[in-house]
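Participant: Sharing a structure here in structure tokens format.
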Amino acid sequence: MSDIPPSRRLIVVFGAAVRPDGNPSPTLARRIAFAAAAAARYTEAELFCSGAKGDHGPSEASVMAGLLSETVDPSRIHLDEKSVDTLQSVIAATRFARAGRYAQCMICTDGYHQPRIRMLFAMLGMPATAIHVPHGGSRRYQIKMRTREAAAIPYDLVAGIGAILRRRRH
């Protein structure tokens, strides 16, 4: 990837719940707001919104794209509406980034989620940096999310190794 200009950046926005009325949850709204700010700062970057349809409303990716398109040129926004979890989102973003010859992915998600995502991008050999998204929610919510991430890291480590091995076989 050394022949790729460093200006080829892809802002990868990770999904979160959509409410029954089709609006973003507070977590998703926070990620969208920080993605919009990153898109304004990195005007050459394109955005990759990842998240399938959950329990309610349209896909997480389409909700993100709809709100982002209010301030970002829609031609810069790409959707992944198939990924249902973090590992699938990272794999899809990595494939998209490689196909588009992006030099790096910029991770747009909550701070508690970033270590796992950075680990997965590193495992797949895709350079990634984090966009600082402050923690939201109550202290109780933060503890819950950090506990969930602590359990998810070993799981995704094993699942990520499996994905790498499957990719090498094909």
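The values are calculated or read from the model by the stated rules, or taken from the named source; none is laboratory data. Predicted model, so just to flag it, every value in this text is computed and none were measured. Cβ placement follows ideal geometry from the backbone for every residue including glycine, while neighbour counts extend to all protein chains displayed. Surface areas here come from the heavy atoms of the whole protein model, side chains and all, with no ligands, DNA or RNA. Shrake-Rupley method; radii C 1.70, N 1.55, O 1.52, S 1.80 Å.
Participant: Note down the relative contact order for the chain as a percent, whole number, built from C-alpha pairs under 8 angstrom at least six residues apart.
Facilitator: 23 percent
Participant: Choose one answer from ALA33, ALA93, ALA52: the residue with the largest mean-square fluctuation in a GNM of the chain with alpha-carbon springs under 10 Å.
Facilitator: ALA33
Participant: Right, here's the next one. Can you sort HIS113, HIS56, HIS132 by solvent-accessible area, 1.4 Å probe, largest first?
Facilitator: HIS132, HIS56, HIS113
Participant: Determine the sum of side-chain charges near ARG146: Lys and Arg each +1, Asp and Glu each -1, restricted to other residues whose C-beta is under 13 angstrom from that of ARG146. Please list the in-between numbers first.
Facilitator: On the way: positive: ARG116, ARG139, ARG140, LYS144, ARG148; negative: ASP110, GLU149.
Combined, the nearby Lys, Arg, Asp and Glu give +3.
Participant: From the helices alone, meaning DSSP H stretches of at least four residues, give me the mean residue ellipticity at 222 nm for the chain, per-run term -39500 (n - 2.57), in deg cm²/dmol to the nearest 500.
Facilitator: -15500 deg cm²/dmol
Participant: Label THR43 and LEU79 with points 7 Å out from Cα along Cα→Cβ: what is the distance between them in nm?
Facilitator: Each label point lies 7 Å from its Cα, and together they span 2.7 nm.
Participant: In whole Hz, with x marking every Gly and Pro, tabulate ³J(HN,Hα) for region 93-103 from phi via Karplus 6.51 cos²θ - 1.76 cosθ + 1.60, θ = phi - 60°.
Facilitator: Taking θ as phi minus 60°, the curve returns 5, 5, 4, 4, 5, 5, 4, x, 6, 7, 6 Hz for region 93-103.
Participant: Between TYR141 and GLU70, with labels modelled 7 Å along Cα→Cβ, what's the label distance in nm to one decimal, could you check?
Facilitator: Each label point lies 7 Å from its Cα, and together they span 1.9 nm.
Participant: If we count trypsin sites (Lys or Arg not before Pro) as exposed when they sit in a DSSP loop and have at most 14 other beta carbons within 10 Å, what is the longest stretch of the chain that avoids them all?
Facilitator: 1-81
Participant: May I ask you to compute the full-extension gain from LEU165 to ARG148, defined as 0.36 nm times their residue separation minus their alpha-carbon distance, rounded to one decimal in nm?
Facilitator: Difference between extended and current length: 3.5 nm.
Participant: If you don't mind, there's one more thing I want to ask. If you keep only loop residues by DSSP, which GluC sites (Glu not before Pro) in region 1-83 have at most 16 other Cβ atoms within 10 Å of their Cβ?
Facilitator: Passing both the DSSP loop test and the Cβ count: GLU44, GLU70.
Participant: A further question follows. Apply the a/c threshold of 1.5 to the C-alpha gyration tensor of region 27-148 and tell me whether it is rounded, prolate or oblate.
Facilitator: rounded
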